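The values are calculated or read from the model by the stated rules, or taken from the named source; none is laboratory data. As the structure is a computational prediction, the values presented were derived from the model and not from experiment. Neighbour counts run over all protein chains shown; Cβ positions are idealised from the backbone, glycine included.
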Amino acid sequence: MGYQLGDLGRTFRDQMYNVLTGGDGSVPPAKSSFITWCMPGLPYQEADFAFAAQGIGTGATAAEDKLLLQQAYNFSSLIDFIPDVTSAYSSGRQDGVWRNASGARLSEIYGQILKFSKVVDDRLTDDQKAKLDRFRGLLRVTRTVKDIVTEQEKQVTEDSPMLKAYKACMQAYVTAALSYNNKRIAAQAAVGESGKQAVADWAANAQLYSMQVAAAMDDWTSSGYRNEVEEINAYIDQTTEKSMLLWKRNLERFYEEANTNALGPGQSFYYTSVVPGDFATSNGWTGYSMYHQMVDSHSHYETTSWSAGGGLNFGLWSTNAGVTTNSQDYSENFQVDDFSMSFEMAQVQVVRPWFYPEFLENRGWDLRKGQGWNYDQMPSDGGNPPQGRFIGYPLQALFIRNLTIHSASLARALQTHQSSVSVNASVGWGPFSVKGSYSHSESDQHFHSENDGATITVPGMQIIGFVNHLLDKTPNLLDGLDPDQLV
């Protein structure tokens, strides 16, 4: 019996959606999340994230400082996009972000929202102002750094030690939940001889996996200041619905101070990193496997057309000079006789110290067309699917490494397809790159798969998608507030 590439891809997509954003009684499903798949996947080396583990400006020499700064610029520019619920994160959009040319930047639209928003300003008492300042000081700290490009000192605001602990423990919980969901879905979808191990593992160890999730949640609460941070945010949200003016001014200052000069002419960026910073070299990766019999099993999960990441084609494709072309000979309808796939994955938290989504979700502000905000659409209409200039933001990046595909028919098809495209083209299936590259100002980096006619092996790691947080209607002025009283 043959299996179509499209059916295999949809089975993978539905499973991953439920692994990454689904849940059960032990792991509640994520709210307001959707996945943007990459096409092509974005290759990285472990060394590319030295900046995340060390921080910028921490090198032993000027050359090391420059390298860390360049790495930070590369990643911050790449992740500076607003997700689209209707399409994959395609080659053309990726190139646009890298080149600082086309496409809407998250940092730019967020800056415009801050600049042109009108906010409520009922006067706060001195005690309320003092408490707000103290709470904000518990979440963010300001320090003086030296800009290695201009050699001028500047103030930057970053997460406080308490907030860093909160995010680190939250990431540990995400990792435990990822492992739990992966084991659960693998057992539910298991069929035949290949599925015996997944069923046996779940039967014997489900309680242990659940205990790991519970322990991570407890650690987040006890060591990660979970309750304290959420209480602080709740107080800030409640209080600033009366007066957001001072809060907005602080957010504008944090945003302006975060603008960092890179090494190239005219290059600047808003620093963005990941938690944990050393994920690339850590052991906290989760194994995943899928095989063709799963297409026949009752493993389909109901998802909306946009929640599962629309626009992703699961035929063979190639991309060159920012243009992605789907193969007509090896489209989603192409059949393979055998198929199994495995890789390791890590769901990594994206951290932007200058970005405050709490402001976007607050109901004490508004935007007015023609008064600075000159777009046809508001940030988000809160629809299903939503429309607008800022419908959500990338919250987590999904990295995979050591991809292996066992399929003689797909291996032969891939060999034929690769021989028909440019030597500089990236080639892949779905969100997976099996031959690709990415470029930045100081070097080009490439990777290639190994294909022995039966097995495709792709060493190294790549980003295959992003888990995004979906905003409700934005702005969404609180009922009873008079728009004419906003300042």
For the stretch 444-487, name all the residues that are in a strand (DSSP E or B) and hydroxyl-bearing (S, T, Y).
-> T455, T457, T474
Has the stretch 369-379 got any residue that is assigned to a loop (DSSP other than H, G, I, E, B), buried (at least 19 other Cβ atoms within 10 Å of the Cβ) and in contact with an Asp or Glu (Cβ under 6 Å, 6 or more places away or on another chain)?
-> no
Count of the stretch 333-368 residues which are of a type outside the set (A, V, I, L, M, F, W, C), surrounded by 19 or more Cβ atoms within 10 Å (Cβ to Cβ) and within 23 Å of R13 (Cα to Cα) = 2
In the set N250, N233, the lone residue that is under 24 Å from the mean Cα position of the chain (by Cα), under 30 Å from P483 (Cα atoms) and not acidic (D, E) is N233
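Each row is one residue, and each column tells you yes or no for (1) at pLDDT 90 or above; (2) touching a Phe, Trp or Tyr at 6+ places or on another chain (Cβ under 7 Å); (3) farther than 26 Å from N18 by Cα.
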site	(1), (2), (3)
L163	yes, no, yes
C169	yes, yes, no
A200	yes, no, no
Q207	yes, no, no
E241	no, no, yes
Give the residue that is surrounded by the fewest Cβ atoms within 10 Å (Cβ to Cβ), with candidates limited to residues of the stretch 110-133 that are of a type in the set (A, V, I, L, M, F, W, C) and not in a helix (DSSP H, G or I).
-> L124
Conditions: (1) surrounded by fewer than 22 Cβ atoms within 10 Å (Cβ to Cβ); (2) assigned to a helix (DSSP H, G or I). L410 meets all but one. Number of the miss?
-> (1)
Residues being assigned to a loop (DSSP other than H, G, I, E, B), closer than 19 Å to L395 by Cα and of a type in the set (S, T, N, Q): count how many of those fall in the stretch 266-292.
-> 1
Filtered residue count, the stretch 212-239, keeping only those that are modelled with pLDDT of 90 or more and either of a type outside the set (D, E) or touching a Leu at 6+ places or on another chain (Cβ under 7 Å) (or both) | 16
If only one of T281, T286, T272 is modelled with pLDDT of 85 or more, farther than 20 Å from G430 by Cα and buried (at least 20 other Cβ atoms within 10 Å of the Cβ), which one is it?
-> T272
By residue number, the members of the stretch 213-261 that are part of a helix (DSSP H, G or I), among the β-branched types (V, I, T) and in contact (Cβ under 8 Å) with a residue 40 or more places away in the chain are V213, V229, I232, I236, T239, T240
Looking only at residues in the stretch 8-58 that are touching a Pro at 6+ places or on another chain (Cβ under 6 Å) and surrounded by fewer than 23 Cβ atoms within 10 Å (Cβ to Cβ), which one is nearest to Y209 (Cα to Cα)?
-> G23
